[in-house]
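The values are calculated or read from the model by the stated rules, or taken from the named source; none is laboratory data. Model, not experiment: these values are computed from the prediction. FYI the Cβ positions are ideal-geometry reconstructions off the backbone, even for glycines, and counts take in every protein chain you see.
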Ligand SMILES: Cc1cc2nc3c(=O)[nH]c(=O)nc-3n(C[C@H](O)[C@H](O)[C@H](O)COP(=O)(O)OP(=O)(O)OC[C@H]3O[C@@H](n4cnc5c(N)ncnc54)[C@H](O)[C@@H]3O)c2cc1C
């Protein structure tokens with residue numbers, strides 16, 4: 001990454017150096033325009049961040065899976081950068097370790113969740129939206145687990161999730177990974193971008209001929225601005241607009257970031273855990289973790305928590321995810337396992353000031369907010385970020401592609417202006 005001297009003016013300013021902002025900056029290469037990415041953190045990547053927690057273990061604190069890998073633009077990018085892709089099947093499709101989830105139960109659960117998605121598909125054809133929880137079959141014993149899956153996928157329980165939005169999400173069910181971390185891949189992709197770090201944008205004043213950005217490092221002006229910050233920051237008005245943009249604030253409020261968190265545990269001593277195995281923290285309840293055993297055959301276990309339970313554990317303070325994970329694993333495999341497990345790292349995305357959550361889901365009745373948020377304002381302000389993606393929302397590749405889309409919109413406008421300028 002090329003860290004920039006802070007200029008007083010640029011052609012295009014991009015707010016946020018996550019996958020969307022970096023996607024936009026890369027798409028502007030070679031245009032001859034002056035571009036600067038303004039990033040509040042002291043690093044690029046945003047919700048894509050790999051932490052090396054031991055010499056062997058690269059912990060993806062945010063995104064880890066190249067979802068819909070056959071349509072994921074980061075696959076070609078990894079290939080171009082010479083970064084190897086791991087195509088091992090994900091753990092969630094595999095039987096649970098030591099029959100913690102017996103095959104008969106598993107088959108019953110698979111049928112219940114398939115039936116649920118079939119009902120979502122039918123209901124989404126109707127014009128009226130509703131909470132996806134209304135499609136749970138009364139009395140079905142698998143409902144709490146279907147809800148748990150929603151907390152992993154949407155960051156929220158089904159009562160908070162729009163049926164239309166669930167149906168709009170595109171998943172080709174091909175999921176790959178990067179051994180050195182998805183966050184590392186995105187950092188390598190963003191390395192050539194011109195970025196001002198530690199630069200939080202507070203105000204976007206678009207009342208004048210040029211747009212004025214008030215930041216923690218001073219003020220600069222731009223002719224066009226691409227805004228990629230997470231929806232919760234727009235919803236909370238942590239970043240403000242003059243004149244105000246109530247339609248953007250309202251659409252962002254309809255697309256809150258849910259809560260999802262990860263924990264990485266070291267696994268010591270002798271064991272028979274399979275590489276890339278699967279373990280569920282419990283059955284028949286929503287408040288539970290799900291575990292990836294020995295990712296990349298490393299001696300570790302990665303736990304994943306979502307929804308209200310993840311928020312509760314964040315509120316409980318540092319170490320709460322590790323303690324919960326170790327308790328759940330011991331509940332399933334016996335207390336002796338405790339001696340072999342120790343915490344390495346965990347996330348707290350809902351408490352992260354520049355994310356305030358994990359990824360966006362539409363509240364019931366708000367699936368249309370994605371298009372409202374994505375729409376340009378006066379052909380000068382453009383909006384990108386995972387929440388603006390029509391079908392790959394909540395993902396890193398959806399975010400990156402949205403940055404490219406925003407650049408196309410901005411460039412189309414510059415072209416139109418050039419064409420209509422007097423000779
Ligand atoms: C636990 C977890 C697991 C996930 N797993 C996956 C996965 O397996 N696969 C997948 O594809 N996706 C996954 N995701 C989602 C994925 O990480 C995000 O969708 C994607 O990274 C979002 O990119 P973005 O550019 O839209 O937003 P961000 O990455 O959030 O980028 C926005 C940037 O704006 C900056 N910013 C905020 N406020 C300001 C301000 N005022 N001024 C300047 N800068 C500001 C932020 O610091 C940030 O860098 C996961 C996310 C989490 C949290």
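On the stretch given as segment 191-211, residues that are farther than 14 Å from residue 7 by Cβ and near the ligand (Cβ under 10 Å from one of its atoms) total 7.
Would you tally the residues in segment 17-34 being farther than 17 Å from residue 184 by Cα and within 13 Å of the ligand (Cβ to nearest atom)? Don't jump to the end; show me each part of the working.
Just the residues of segment 17-34 that are farther than 17 Å from residue 184 by Cα, to begin with: 24-25, 27-34.
Checking the rest, the ones that are also within 13 Å of the ligand (Cβ to nearest atom) come to 24-25.
Residues in segment 17-34 being farther than 17 Å from residue 184 by Cα and within 13 Å of the ligand (Cβ to nearest atom): 2 in total.
Residues that are part of a loop (DSSP other than H, G, I, E, B) and either within 8 Å of the ligand (Cβ to nearest atom) or touching a helix residue (DSSP H, G or I) at 6+ places or on another chain (Cβ under 7 Å) (or both) within segment 367-407 comprise 367, 376, 379, 384, 385, 389, 390, 391, 392, 393, 394, 395, listed in sequence order. For residue 330, the criteria (1) within 16 Å of the ligand (Cβ to nearest atom); (2) in contact with a helix residue (DSSP H, G or I) (Cβ under 6 Å, 6 or more places away or on another chain) hold in every case but one, which is (1).
Residue pairs whose Cβ atoms lie under 7 Å apart, sitting 6 or more positions apart in sequence or on different chains, and linking a residue in segment 115-136 that is over 17 Å from residue 151 (Cβ atoms) to a partner that is outside any helix (DSSP H, G or I), are 129/162; 129/364; 129/365; 129/367; 130/364. Look at residue 181 and say whether it is at pLDDT 95 or above, touching a helix residue (DSSP H, G or I) at 6+ places or on another chain (Cβ under 9 Å) and at positive phi. Spelling it out, residue 181 is indeed at pLDDT 95 or above, touching a helix residue (DSSP H, G or I) at 6+ places or on another chain (Cβ under 9 Å) and at positive phi.
Scanning segment 324-356 for residues that are closer than 30 Å to residue 43 by Cα, touching a strand residue (DSSP E or B) at 6+ places or on another chain (Cβ under 8 Å) and not in a helix (DSSP H, G or I) yields 342, 343, 344, 345, 346, 347, 348, 355, 356. Considering only residues that are closer than 30 Å to residue 222 by Cβ, surrounded by fewer than 23 Cβ atoms within 10 Å (Cβ to Cβ) and more than 9 Å from the ligand (Cβ to nearest atom), which ones fall in segment 36-75? The answer is 42, 73. All but one of (1) within 15 Å of the ligand (Cβ to nearest atom); (2) part of a loop (DSSP other than H, G, I, E, B); (3) in contact with a helix residue (DSSP H, G or I) (Cβ under 9 Å, 6 or more places away or on another chain) hold for residue 141, so report the exception by its number. In the conditions (1) within 15 Å of the ligand (Cβ to nearest atom); (2) part of a loop (DSSP other than H, G, I, E, B); (3) in contact with a helix residue (DSSP H, G or I) (Cβ under 9 Å, 6 or more places away or on another chain), residue 141 misses (1) alone.
Here are 214, 249, 225: which of them is closer than 30 Å to residue 73 by Cα, free of Cβ contacts under 8 Å to residues at least 24 places away in the same chain and either away from the ligand (no atom under 11 Å from the Cβ) or not in a loop (DSSP other than H, G, I, E, B) (or both)?
Just one listed residue meets the conditions, 249.
Scanning segment 288-304 for residues that are over 20 Å from residue 93 (Cβ atoms) and buried (at least 21 other Cβ atoms within 10 Å of the Cβ) returns a single hit, 300.
Here is the figure for segment 197-218: residues that are within 23 Å of the chain's Cα centre (by Cα) and buried (at least 22 other Cβ atoms within 10 Å of the Cβ) total 2.
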